[in-house]
Amino acid sequence: MGDSEATLAVHEPGLKHHFDDSAQQFQSSTLGMWVFLVTELMFFGGMFGGYTVYRNMYPDAFASTSHFMNVPIGAINTGVLIFSSFTMVMAVRSAQLGQKKVLIAFLIFTLLLGCLFLTLKYVEYHEKWVDHHIPGPGFQYADTRYFHQAQILFFLYFAMTGMHAIHMIVGVGMLIVLISMAARNRFTQAWYTPVEMIGLYWHFVDIVWIFLFPLLYLIGHTK
Amino acid sequence: MTHPVVPIKTYAAVFGALLALTITTVAVSKLELGEFNFVAAMTIAVIKGTLVVMFFMDVRRATSLTKLIVGAGLFWMAILFVFVLSDYASRGWLPGPRWF
């Protein structure tokens, strides 16, 4: 018994035995996460491609919809998401330094900002519902020339911001998991890979919004 | 784990730049620039996206293999947009029957 124990290799904490060292393990996780994010890029790319085609076909109809978008809420939500990316990166930094309480605080802060984003999104969706700007039988549009074409933009608006919001909800769920893991002392300075990986996901969702905001809210420029 | 910890100052500077660019993109959208409104909006969005990818997602310090994957993703996006636009933009250039 004593002999077999003596021959066991001593691993760094958190290191899986099929990796050479923690650095290699971390690089593999990062690479895998990026492969996933590239599939996400392709997924959103399809919708951005559809947007490109229809905006080229109906530039005037698309421009006319900007008048009915809530630009202040859209701009504030952009700020909220950027702020949440900052708190997320600070959470990763706290994990690197092994500061458990600061890590949990920043994760909760990020979670609250994510919820604030979704709440403001709800306010906007409700506004669209009241204004009959949801494509379908109940759709109404002030400029009757663009009745059909504007619906395409509103359809893209709900499809793209809706898919983005679903990604936010998934991100919020994963933040709750991270907070619970951190509270149970699952992370150490040597192993905090989930914080870093969910961070990558969170920033990706932020980047999608960075492109959605000008494309959906700021098409028509004269106001 | 493998990289030195980034000072808070760097992250705060990137955060400040992203907020400033958001305000810029709203301000520029109110100017009458014709076609350049779209160019300006997309230029600002690309700068913001690059800042997030390089600093918050730490691709500037990632391995070459990770950088290759990121680059390949962007290259495939470029293929998507170039081919879609070369189709729709060139329709009607040639005489003949229209089938669309």
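The values are calculated or read from the model by the stated rules, or taken from the named source; none is laboratory data. Remember, predicted model here, so these are calculated numbers, not experimental data. For neighbour counting, all protein chains shown are included, and Cβ atoms are generated from backbone atoms with ideal geometry for every residue, glycine included.
Quick notes
- A:F211, sole failed condition from (1) outside any helix (DSSP H, G or I); (2) within 25 Å of the chain's Cα centre (by Cα); (3) aromatic (F, W, Y): (1)
- Condition met for A:F43 (closer than 23 Å to A:I166 by Cα and more than 10 Å from chain B (Cβ to nearest Cβ)): yes
- Qualifying residue in region A:208-223 (condition: facing chain B (nearest Cβ under 9 Å), among the charged types (D, E, K, R) and exposed (fewer than 14 other Cβ atoms within 10 Å of the Cβ)): yes
- Tally, over region B:24-52, of residues that are in contact with a helix residue (DSSP H, G or I) (Cβ under 8 Å, 6 or more places away or on another chain) and assigned to a helix (DSSP H, G or I): 16
- Pick from region A:22-40, criterion over 16 Å from A:H167 (Cα atoms) and more than 7 Å from every other protein chain (Cβ to nearest Cβ), ranking: surrounded by the most Cβ atoms within 10 Å (Cβ to Cβ): A:Q25
- Residue in region B:66-88 that is surrounded by fewer than 12 Cβ atoms within 10 Å (Cβ to Cβ), in the same structural domain as B:P7 (by TED's automatic domain parsing), part of a helix (DSSP H, G or I) and not β-branched (V, I, T) present: no
- Contacts under 8 angstrom Cβ, first residue in region B:18-37 being assigned by TED's automatic domain parsing to the domain that holds B:V53, partner of a type in the set (D, E, K, R) and part of a helix (DSSP H, G or I), 6 or more apart: B:L18/B:K48; B:L21/B:K48; B:T22/B:K48
- Subset of region A:183-207 (residues that are assigned to a helix (DSSP H, G or I), buried (at least 19 other Cβ atoms within 10 Å of the Cβ) and either touching a Pro at 6+ places or on another chain (Cβ under 7 Å) or not β-branched (V, I, T) (or both)): A:E196, A:M197, A:G199, A:L200, A:Y201, A:W202, A:H203, A:F204, A:D206
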